[in-house]
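Input: a single structure, listed below in structure tokens.
The values are calculated or read from the model by the stated rules, or taken from the named source; none is laboratory data. Bear in mind that the values here come from a model prediction, so they are computed numbers and not experimental data. No Cβ is skipped: glycine too gets one built from the backbone with ideal geometry, and neighbour counts run over all protein chains shown.
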Amino acid sequence: MIDAQNLQERIAQVENKRELLLKFQADPNLSSLSLDIDQALIEIDDLMTEFRQTFPTGRVTSMSE
């Protein structure tokens with residue numbers, strides 16, 4: 001089972017990777033990979049939307065809190 005702190009760290013990693021994907025998306029030399037980048041961004045955005053709906057404060061608490 002994942003603890004609250006670990007989940008917060010993983011969410012932060014996903015947000016950082018999204019920023020990297022945005023940089024790649026702007027690179028005209030990636031041609032066919034741009035579709036994969038676009039799809040990854042859509043999936044990350046969906047994941048982050050679900051996270052925010054589940055944890056509206058953006059803070060994950062453990063079951064014992």
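Restrict the check to region 32-48 and report whether at least one residue is in contact (Cβ under 8 Å) with a residue 24 or more places away in the chain, surrounded by 12 or more Cβ atoms within 10 Å (Cβ to Cβ) and assigned to a loop (DSSP other than H, G, I, E, B).
Within region 32-48 (the criterion being in contact (Cβ under 8 Å) with a residue 24 or more places away in the chain, surrounded by 12 or more Cβ atoms within 10 Å (Cβ to Cβ) and assigned to a loop (DSSP other than H, G, I, E, B)), the answer is no, since none of the residues qualifies.
Collect the residues in region 6-31 that are without any contact (Cβ under 8 Å) to a residue 24 or more places away in the chain and touching a helix residue (DSSP H, G or I) at 6+ places or on another chain (Cβ under 8 Å), keeping them in residue-number order.
Answer for region 6-31, where residues must be without any contact (Cβ under 8 Å) to a residue 24 or more places away in the chain and touching a helix residue (DSSP H, G or I) at 6+ places or on another chain (Cβ under 8 Å): Leu21, Leu22, Phe24, Gln25, Leu30.
Output the residue which, of all residues in region 51-60 that are surrounded by 10 or more Cβ atoms within 10 Å (Cβ to Cβ) and not basic (Lys, Arg), is nearest to Gln8 (Cα to Cα).
Val60
Would you confirm whether or not region 51-63 contains a residue that is of a type outside the set (A, V, I, L, M) and touching a Gly at 6+ places or on another chain (Cβ under 9 Å)? Even if it seems obvious, please write down each step before you answer.
As a first pass, look at region 51-63 and keep what is of a type outside the set (A, V, I, L, M): 51-59, 61-62.
After this cut, where a residue has to be touching a Gly at 6+ places or on another chain (Cβ under 9 Å) as well, the list is 51-52.
Scanning region 51-63, I find at least one residue that is of a type outside the set (A, V, I, L, M) and touching a Gly at 6+ places or on another chain (Cβ under 9 Å), so the answer is yes.
Please verify whether Phe24 is among the aromatic types (Phe, Trp, Tyr), surrounded by 11 or more Cβ atoms within 10 Å (Cβ to Cβ) and at pLDDT 85 or above, treating the condition exactly as stated.
Spelling it out, Phe24 is indeed among the aromatic types (Phe, Trp, Tyr), surrounded by 11 or more Cβ atoms within 10 Å (Cβ to Cβ) and at pLDDT 85 or above.
Of the numbered conditions (1) of a type in the set (Asp, Glu); (2) at pLDDT 85 or above; (3) surrounded by 10 or more Cβ atoms within 10 Å (Cβ to Cβ), Asp3 satisfies every one except a single condition; which is it?
Result: Asp3 passes all but (2).
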